[in-house]
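Trainee: Right, I'll just put the structure down here and ask away after.
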Amino acid sequence: MFDKLTSMQIFISVAEIGSFIGAAEQHQISAAMVTKHIQRLESHLQLKLFQRSTRRLELTQSGADYLLTCEKILQEIHEAETNLLRAQHEIQGKIRISMPSVLGQRYVLPKLQSFQLVYPNIEIEIEVNDQRTDLIKDKFDLLMRFGMAVEPYLVARPLLNAVEMVVAASPKYWQTHGKANFLADLSQHNCLGCSMSQVAGTKVWYFDQNHDVNISGNTQSNNGLVLIDFALAHLGVIYQPRAAIERYLAEGLLIEAPLDVAGYQAQTLNLVYAKNEYMPKKLRALIDYLTEVTSL
């Protein structure tokens, strides 16, 4: 197997210069090596590329046709490499992201919006998904995943170190049904459980120090955002990440239950991406931006 691209380059030089010796000098190899490259091409193509005489070196018709093809191929390779290098070093292009529904849309999404104001030439494609996503197989650039355990070819960088769960409901709900002051009180309330959650499920809610309580409610969903909207409509009690509902708590639209036990401390929310010493600048800019704004 020979280096066909190198042979093409040498063939073009011979055709342009009209001399094996001149092509050898240009490529800093021997004339014998130039001859070998041309012979390999001719053997591979089963065609004669040059007519040789003691005075002149001319392309055959097949050689002239092949010259045009080689020039086109090498030009396309050059353009492809140039475009890749430009995309690698310029802060532009597409980034595909997968993020969890509740913290993704309530906590991360506003930060992505502000990022695009800073970098308008970056196109972001977002998938909201509470299932475990395969970064390589599903062709994502960035995942947001709970827990530090990742495959050896991936990097996990903390985005939110302490994901604290809190119990909350609207002021009107608490006023109508009475506030839950003790963990056991929750069993008497309309608790809106999330079928996708191992902590705030539809039958049991888990708290700090291995505390738990059996709950029930007339509404459940696989999406915590749905449950938050039901709570805002005064229809029940939710158990969700503080970071996802902190705006509603600050505005008084939801009020945290003053329970006698602390909420569950979930695992770290991480940015997960492939190990790559040549990471595109667009992805590096996004990762750095997200980690910087969340640390403020």
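The values are calculated or read from the model by the stated rules, or taken from the named source; none is laboratory data. From a predicted model like this one, the values you see are computed outputs, not experimental measurements. Neighbour counts are summed over all protein chains in view; Cβ atoms, including those assigned to glycine, are modelled from backbone coordinates with ideal geometry. These area figures cover heavy atoms from the full protein model, side chains too; ligands, DNA and RNA do not enter into them. Shrake-Rupley method; radii C 1.70, N 1.55, O 1.52, S 1.80 Å.
Trainee: Considering only the range 197-221, state which residues are within 17 Å of Q265 (Cα to Cα) and of a type outside the set (F, W, Y).
Mentor: Result: S197, Q198, V199, A200, G201, V204, D208, Q209, N210, H211, D212, V213.
Trainee: Something else now. L254 - would you say it is modelled with pLDDT of 90 or more and under 30 Å from L84 (Cα atoms)?
Mentor: No.
Trainee: Suppose we filter the range 208-226 for residues that are out of contact with any strand residue (DSSP E or B) (no Cβ under 8 Å at 6 or more places or on another chain) and over 13 Å from G236 (Cβ atoms); how many remain?
Mentor: 4
Trainee: Can you name the residue in the range 26-51 that is open to solvent by 100 Å² or more (accessible area, probe 1.4 Å) and out of contact with any helix residue (DSSP H, G or I) (no Cβ under 9 Å at 6 or more places or on another chain) and is also nearest to D3 (Cα to Cα) among such residues?
Mentor: Going through the qualifying residues, I end up with Q39.
Trainee: Tell me which of these V155 doesn't satisfy, since it passes every other one: (1) farther than 27 Å from V237 by Cα; (2) in contact with a His (Cβ under 9 Å, 6 or more places away or on another chain); (3) β-branched (V, I, T).
Mentor: Among (1) farther than 27 Å from V237 by Cα; (2) in contact with a His (Cβ under 9 Å, 6 or more places away or on another chain); (3) β-branched (V, I, T), the lone unmet condition for V155 is (2).
Trainee: Please enumerate the residues belonging to the range 59-108 that are outside any helix (DSSP H, G or I) and either closer than 30 Å to N270 by Cβ or in contact (Cβ under 8 Å) with a residue 24 or more places away in the chain (or both).
Mentor: L59, E90, I91, Q92, G93, K94, I95, R96, I97, S98, M99, P100, listed by residue number.
Trainee: Out of all the residues in the range 3-18, is one or more more than 14 Å from L67 (Cα to Cα) and open to solvent by less than 60 Å² (accessible area, probe 1.4 Å)?
Mentor: Within the range 3-18, not a single residue is more than 14 Å from L67 (Cα to Cα) and open to solvent by less than 60 Å² (accessible area, probe 1.4 Å).
Trainee: If a residue counts only when it is surrounded by 15 or more Cβ atoms within 10 Å (Cβ to Cβ) and among the polar types (S, T, N, Q), which helices (runs of 4 or more DSSP H) contained entirely in the range 210-296 have at least 1 such residues?
Mentor: Counting at least 1 such residues, we get 281-295.
Trainee: All but one of (1) in contact (Cβ under 8 Å) with a residue 40 or more places away in the chain; (2) open to solvent by 30 Å² or more (accessible area, probe 1.4 Å); (3) out of contact with any His (no Cβ under 8 Å at 6 or more places or on another chain) hold for N190, so report the exception by its number.
Mentor: Going through the list (1) in contact (Cβ under 8 Å) with a residue 40 or more places away in the chain; (2) open to solvent by 30 Å² or more (accessible area, probe 1.4 Å); (3) out of contact with any His (no Cβ under 8 Å at 6 or more places or on another chain), N190 breaks only (3).
Trainee: Could you count how many residues in the range 79-109 are open to solvent by less than 60 Å² (accessible area, probe 1.4 Å), over 16 Å from the mean Cα position of the chain (by Cα) and either modelled with pLDDT of 90 or more or among the basic types (K, R) (or both)?
Mentor: The qualifying residues number 0.
Trainee: Here is a further query. I'd like the full set of residues that are in a loop (DSSP other than H, G, I, E, B) and at pLDDT 90 or above, limited to the range 137-162.
Mentor: Across the range 137-162, the qualifying residues are K137, D138, K139, F140, D141.
Trainee: Just checking, how many residues over the range 193-209 are polar (S, T, N, Q) and either buried (at least 17 other Cβ atoms within 10 Å of the Cβ) or closer than 20 Å to D260 by Cα (or both)?
Mentor: Total satisfying the criteria: 3.
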